[in-house]
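Heads up: the structure comes next, in structure tokens.
The values are calculated or read from the model by the stated rules, or taken from the named source; none is laboratory data. These figures come from a predicted structure and were not determined experimentally. Glycine also receives a Cβ, built like all others from the backbone with ideal geometry; neighbour counts cover every protein chain displayed. Just so you know, the surface numbers come from the protein's heavy atoms only, side chains and all, with ligands and any DNA or RNA stripped out. Shrake-Rupley method; radii C 1.70, N 1.55, O 1.52, S 1.80 Å.
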Amino acid sequence: MSSLTESAAWLALREHAAQLAEGSIAELFASDAQRPQRFSAEAAGLYLDYSKQHADERALQLLLALAQQQDLPGWIGRMFAGEAINQTENRAVLHVALRAPRNAPLRVDGQDVPAQVHAVLDRMAAFAEQLRSGAWLGATGRAITDVVNIGIGGSDLGPRMVCRALAAQADGPRVHFVANVDGAQLTSVLHGLEPATTLFVITSKMFTTLETMANAGAARSWLVAALGEDAVRRHCAAVSTNRAEVLKFGIDAANVFEFWDWVGGRYSLWSAVGLSIVIAIGAEGFRQLLAGAHAMDEHFRSAPLEKNLPVLLGLLAVWNRNCLASRFGSRSQVVAPYAQDLEYFVPWLQQLEMESNGKSVDRQGRPVDYATTPALWGDVGTNGQHAFFQMLHQGPAIHPVDFILPLRAAHPLQDQQRMLIANCLAQSSALMLGKSPQQVRAELQAKGLQGAALEAAVPHRVFAGNRPSNTILLPRLDAWHLGALLALYEHRTFVQSVIWNINAFDQWGVELGKQLAQSVLAAMAGDAQVSLDPSTRTLLARSGQ
Ligand code: F6P
């Protein structure tokens with residue numbers, strides 16, 4: 001048994017969860033008229049309703065005691081102070097510094113971090129402004145109309161998601177994204193683009209990532225074939241921590257935007273990795289995004305735990321995962337943004353959450369004896385309602401849902417925003433309340449059904465209910481509130497990792513597949529020494545390579 005699962009706070013929580021699970025969420029409402037007010041919190045313009053969680057005051061107190069026991073305030077302090085809390089890579093974790101004001105007092109290893117950050121931000125703004133104003137001319141003297149970000153993982157998902165979310169305010173060159181090493185993606189993006197008016201931003205922290213380097217090489221060939229070698233200077237920029245490799249690729253030093261090893265890939269959209277965002281919406285929009293995130297950072301750093309949105313979200317996730325889990329069986333976390341413009345939010349969050357917390361050893365390297373991150377998935381509402389919500393309502397396992405709802409429409413069309421809001425609120429209510437056999441029977445009887453036909457129909461129409469959810473309201477999906485929302489989820493991920501005593505900031509789990517891909521490539525190239533398992537060798541033979 002680990003010290004966590006043997007600890008007083010953990011045991012008390014498990015015991016309380018077992019008692020609470022005997023009752024229902026609806027009963028918790030019945031016994032507390034003030035529940036919606038008492039189980040909600042607000043910060044940085046976001047309103048969190050967690051009253052539909054299967055938790056009561058005592059559960060919250062016990063969760064807060066667990067947070068104290070795991071020294072959550074200490075870990076928050078250490079992260080903001082720039083301590084090397086990513087201990088397996090001996091790195092600080094300072095994405096919060098990327099959105100701190102220019103004059104914030106933060107020195108790490110003798111470096112004035114905010115000054116470095118803002119120097120790069122200023123360069124990004126100036127570069128983007130040249131592109132946006134048409135002052136930047138391509139090799140043939142024409143302005144740039146299309147920018148293609150080539151990157152994968154954190155070097156793709158964050159900027160792709162933000163550019164999509166804020167598409168309504170995009171007024172710069174069109175921005176496209178290519179991640180997959182499957183040539184289909186680059187081919188389809190380049191289809192219809194002209195080399196003379198296209199600029200590539202090659203985004204890679206390491207600048208050695210197989211997919212990105214392959215796509216960058218193909219993009220470079222496309223450019224050079226049309227415009228000649230010299231065109232690379234006017235049509236390529238790079239974002240990386242690896243300046244040496246970037247320069248080797250032939251990118252002009254003036255078009256290189258750096259970031260630092262204390263920015264994790266999945267936390268990097270706030271850094272130069274966000275260059276495509278600045279190009280799409282302008283520097284002021286990007287600063288708004290940073291400011292919204294900073295407001296959430298300040299809240300996270302300073303608000304008492306019981307009113308702290310990321311802390312509450314993180315603790316409730318632990319509650320659902322580790323405390324109620326044994327009763328409800330294996331579960332996952334669903335996220336359903338009720339905004340089409342957030343269609344890439346879930347993929348971004350999947351990397352954030354599962355690459356951060358998909359671990360099975362603790363910080364000391366000991367195997368954990370508790371569940372860590374659940375599978376996280378979802379899709380925009382209302383589409384999800386017509387796809388997987390059936391399982392959420394009537395499947396045997398419980399999958400907690402986060403509903404995210406920007407209230408004001410980015411694209412108002414007649415009554416459609418009201419329909420969207422109504423659907424979102426109806427879903428969380430239905431998941432919680434369910435529908436009893438008595439209710440179903442009464443409804444069917446009212447429609448004239450009786451006897452055996454009635455009894456046969458009832459079980460299929462029953463909803464067990466008691467399925468927990470959070471609802472997060474944003475006044476509207478603008479850059480500031482989006483920044484706050486993203487930072488909220490970043491910190492939620494961190495809170496969970498602190499409770500689970502795992503390092504959320506390394507990702508060794510992606511390395512083995514990368515290594516083996518190199519072995520398979522070597523085998524394809526005829527290297528007979530490569531050792532492959534029999535299944536893989538057979539598949540390789542079948543692939544005709
Ligand atoms: O393979 C996972 C990963 O290492 C992510 O953590 C990262 O966001 C992605 O690859 C891309 O890495 P890079 O920016 O170095 O190309």
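To the nearest 20 Debye, how big is the dipole of the chain about its Cα centre, given +1 on the beta carbon of each Lys and Arg and -1 on that of each Asp and Glu?
The dipole of the chain has a size of about 560 debye.
Under the classification rounded if a/c is under 1.5, otherwise prolate if a/b is larger than b/c and oblate if not, where does segment 179-264 fall, given a ≥ b ≥ c as square roots of the Cα gyration tensor eigenvalues? Numbers along the way, then the final one.
Numbers: a/c = 2.15, a/b = 1.35, b/c = 1.60.
Oblate is the answer for segment 179-264, as a/c is 1.5 or above yet b/c matches or exceeds a/b.
Please list 390-399, 238-247 highest first by mean number of surrounding beta-carbon atoms within 10 Å per residue.
Order by mean packing, descending: 238-247, 390-399.
Would you list, by chain and number, the aspartates and glutamates whose Cα falls below 15 Å from the Cα of residue 447, excluding same-chain residues fewer than 8 positions away?
Qualifying aspartates and glutamates at Cα under 15 Å: 455.
May I ask which of 307/359; 205/359; 307/435 have a Cα-Cα span longer than 24 Å here? Walk me through the intermediate numbers first.
Values: 307/359 28 Å; 205/359 22 Å; 307/435 33 Å.
With Cα atoms farther than 24 Å apart: 307/359; 307/435.
For residue 440, what accessible surface area do you get with a 1.4 Å probe? Give it in Å², rounded to 10.
Residue 440 exposes around 0 Å² with every protein chain in place.
Where the centroid of each part is defined by its Cα atoms, how far is segment 1-66 from segment 228-287 in Å?
First find each Cα centre; the distance between them is then 44 Å.
Compute the acute angle (0 to 90°) between the alpha-carbon long axis of helix 283-302 and the principal axis of greatest extent of the alpha-carbon atoms of the chain; round to the nearest 10°.
Once rounded, the angle reads 40 degrees.
Using a 1.4 Å probe over the heavy atoms of the protein chains, calculate the carbon and sulfur portion of the accessible area of the chain as a whole percent.
54
Amide H to amide H under 5 Å from residue 201: which residues, 5+ apart in sequence or cross-chain, H placed 1.01 Å off N in plane?
Amide H neighbours of residue 201, under 5 Å, 5+ apart: 148, 149, 150, 237.
Averaged per residue, what accessible area in Å² does the chain show with a 1.4 Å probe, protein chains only?
Heavy-atom accessible area per residue stands at 42 Å².
For the chain, go through all pairs of different Cα atoms, get the mean of 1/r, take its inverse, and jot down that Kirkwood value in Å.
Result for the chain, one decimal place: 25.3 Å.
With each label point set 7 Å from Cα along the Cα-Cβ vector, what nm distance links residue 511 and residue 446?
6.2
222 nm [θ] for the chain, helices only, -39500 (n - 2.57) per DSSP H run of 4+, per residue, to 500?
Mean residue ellipticity at 222 nm (helix-derived): -14000 deg cm²/dmol.
Only bridges whose two residues both fall in the chain count here: according to DSSP, what percent of them are antiparallel, nearest 5?
Just about 30 percent of them are antiparallel.
Can you tell me how segment 1-104 classifies by the Cα gyration tensor, rounded, prolate or oblate, using a/c under 1.5 as the rounded cut?
oblate
Lys and Arg at +1, Asp and Glu at -1: add these up for the other residues within a Cβ distance under 15 Å of residue 85 and post the number.
Values: positive: 78, 91, 301, 359, 363; negative: 71, 83, 89, 109, 261, 362, 490, 506.
Residues near residue 85 contribute -3 overall.
In the P(r) worked out for segment 427-517, what percent of Cα pairs fall beyond 19 Å?
Value for segment 427-517: 69 percent of Cα pairs lie more than 19 Å apart.
Count charges around residue 440 for me, please; just the other residues with Cβ under 15 Å from its Cβ, Lys/Arg as +1, Asp/Glu as -1.
+2
Using +1 at the Cβ of each Lys and Arg and -1 at the Cβ of each Asp and Glu in the chain, identify which of 81, 299, 26 lies farthest towards the dipole's positive end.
Among 81, 299, 26, the one farthest towards the positive end of the dipole of the chain is 26.
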